[in-house]
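The values are calculated or read from the model by the stated rules, or taken from the named source; none is laboratory data. None of these values were measured; they are calculated from a predicted model. With ideal geometry, Cβ positions are generated from the backbone for all residues, glycine too; neighbour counts draw on all protein chains shown. These accessible areas exclude ligands, DNA and RNA; they are computed on the full protein's heavy atoms, side chains included. Shrake-Rupley method; radii C 1.70, N 1.55, O 1.52, S 1.80 Å.
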Amino acid sequence: MLVLGVSHRTATLAERERVALGEAGVRALLRRLSGDPHVREAVVVSTCNRTELYAVGGGEDRLRRALALAPTAYALRDGSAAEHLFRVAAGLDSAVLGEGEIVSQLRAAVALAASEGTLGPLLEDVFGSALAAGRRVRRRTGIGRGSTSLAAVVAKTSVAERHDRGVLLIGAGRVARAVAGALHGLGAPGLMIANRTGAAARALAGRVGAEAIAWERLDPALARADVVISATAAPGPVLTAARLAAVERPPRAVFDLAVPRDVEPAAGELMALFDLEALQARVERNRAVRRADAERAATLVRAEVTRFADRRRERELGPLIEAVWRRAEETRREEIARCGPLPAGELERLDRVTAALVRKLLDGPSRRLRTAADGERLDAFRDLLGVEVASRAERRSAA
């Protein structure tokens, strides 16, 4: 198995954009590869953070040209390739440690390869095992828990604080846009956006399916909101304690993301008030938890990779070793038969001695082969003993 690709760790955004593929592009590449007699299996993973080709056969140079990869793109083989995929599936190679979106992206890549006929037994096995291992790692660690961006923390807390009214976002700058996107991703209902510049409010509201609020209608909008998030560039408070107290049905919670502050601290006596300092502290706590669990998660991934490699080796070795022992037993019996009729006692001793000799000759090599098998050693074992056994992939195809 070979993986070729670029990711946010190895390439700039511009470099990743040059090789990024949509679904149509992935299908076109897989169809080209399916027509290449040297490529036996292929899966393409293309997201905003990575474009990777997983392949069995084909040759590195040929596959680099097929994906138009630069010479600096990474190439990983066999065990290293499998460990890389397991880390990706567990969220350890993501821009945001432990993020779960990669799971659905990997599943989609596998489904696409299956539909184009390039998903073979090895890649099906390694992707399935990596996804299962990723689920176990996430269950046993906290790498996927706790938001590690300010926008995500604010959005999730806002949804938790909301009751039966909407969420009012004041501002349309960079921070406000990030929060609006996070709220939209969570499906937060009743989102309203107000800004001094009406055009900016309308543009942002259009992107996230929100209601644009005219600046002069800010006070009535406050009465329609359970949660208010303020992130403007105003030089002084936009929401004073007096202004909030005058609202007939004031918000339950207010988030102040502005520097200088948009909300008077005294408003905290009227409702739950989350300022930037408190929110950033929560983000740092979440990041610390993820960092602490990252080492444990990496250890678990390595154990999962070892287990996967052992299982695959046993699947390949079992039939081969069984065939060798069967051939040896057949040869032993044939040689005993050539001795002609023998007294029962002598025949029993000969049977016992030759069986012990076969065990001594084959037991050690069989055990060493099970613990240190690789492709070249397996081929040498077959050639040395003259045993031909179909690989698992060949057996599956024949079935």
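At a glance:
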{"item": "Filter result for residue 279 (more than 43 Å from the chain's Cα centre (by Cα) and farther than 17 Å from residue 193 by Cα)", "result": "no"}
{"item": "The lone exception for residue 41 - which of (1) farther than 19 Å from residue 115 by Cα; (2) touching a Pro at 6+ places or on another chain (Cβ under 9 Å) it fails", "result": "(1)"}
{"item": "Subset of segment 320-341 (residues that are touching a residue at least 60 places away in the same chain (Cβ under 8 Å) and surrounded by 15 or more Cβ atoms within 10 Å (Cβ to Cβ))", "result": "320, 323, 324"}
{"item": "Any hit, segment 268-276, residues being out of contact with any His (no Cβ under 6 Å at 6 or more places or on another chain) and part of a loop (DSSP other than H, G, I, E, B)", "result": "yes"}
{"item": "Residues (under 15 Å from the mean Cα position of the chain (by Cα) and of a type in the set (D, E, K, R)) located in segment 98-138", "result": "99, 101, 107, 135, 136, 138"}
{"item": "Segment 266-292 residues that are over 23 Å from residue 243 (Cα atoms), paired with ones that are among the small types (Gly, Ala, Ser) and open to solvent by 40 Å² or more (accessible area, probe 1.4 Å) (beta carbon under 8 Å, 6 or more apart)", "result": "283/149"}
{"item": "Members of segment 131-156 that are surrounded by 17 or more Cβ atoms within 10 Å (Cβ to Cβ) and touching an Asp or Glu at 6+ places or on another chain (Cβ under 8 Å)", "result": "133, 137, 141, 143, 144"}
{"item": "Residue among 53, 76, 97 that alone is open to solvent by less than 10 Å² (accessible area, probe 1.4 Å), under 23 Å from residue 131 (Cβ atoms) and of a type outside the set (D, E, K, R)", "result": "53"}
{"item": "Residues satisfying the stated conditions in segment 65-77, i.e. out of contact with any Lys or Arg (no Cβ under 9 Å at 6 or more places or on another chain) and over 10 Å from residue 3 (Cβ atoms)", "result": "65, 67, 69, 72"}
{"item": "Residue satisfying all of: in segment 1-15; β-branched (Val, Ile, Thr) and surrounded by 19 or more Cβ atoms within 10 Å (Cβ to Cβ); farthest from residue 79 (Cα to Cα) among these", "result": "6"}
{"item": "Residue 259, sole failed condition from (1) assigned to a loop (DSSP other than H, G, I, E, B); (2) open to solvent by 80 Å² or more (accessible area, probe 1.4 Å); (3) at pLDDT 85 or above; (4) within 30 Å of residue 99 (Cα to Cα)", "result": "(3)"}
{"item": "Residue match in segment 190-198 (condition: out of contact with any strand residue (DSSP E or B) (no Cβ under 7 Å at 6 or more places or on another chain), in contact (Cβ under 8 Å) with a residue 12 or more places away in the chain and over 20 Å from residue 239 (Cα atoms))", "result": "no"}
{"item": "Residue list for segment 139-171, restricted to those being more than 24 Å from residue 281 (Cα to Cα) and touching a residue at least 24 places away in the same chain (Cβ under 8 Å)", "result": "140, 163, 164, 165, 166"}
{"item": "Every residue from segment 293-318 that is touching a residue at least 40 places away in the same chain (Cβ under 8 Å) and of a type in the set (A, V, I, L, M)", "result": "294, 297, 298, 300, 301, 305, 309, 317"}
{"item": "Residue list for segment 266-286, restricted to those being surrounded by 14 or more Cβ atoms within 10 Å (Cβ to Cβ) and either under 16 Å from residue 175 (Cβ atoms) or not aliphatic (A, V, I, L, M) (or both)", "result": "268, 274, 275, 276, 279, 282, 283, 286"}
{"item": "Matching option when the condition is modelled with pLDDT of 90 or more, part of a helix (DSSP H, G or I) and among the polar types (S, T, N, Q), among 331, 354", "result": "354"}
{"item": "Selection count where residues are small (Gly, Ala, Ser) and open to solvent by less than 10 Å² (accessible area, probe 1.4 Å), scope segment 167-213", "result": "6"}
{"item": "Any hit, segment 373-394, residues being in contact with a Lys or Arg (Cβ under 6 Å, 6 or more places away or on another chain), open to solvent by less than 40 Å² (accessible area, probe 1.4 Å), modelled with pLDDT of 85 or more and not polar (S, T, N, Q)", "result": "no"}
{"item": "Residue selected from segment 111-123 under the condition open to solvent by 30 Å² or more (accessible area, probe 1.4 Å) and in contact with a strand residue (DSSP E or B) (Cβ under 8 Å, 6 or more places away or on another chain), by the criterion farthest from residue 80 (Cα to Cα)", "result": "119"}
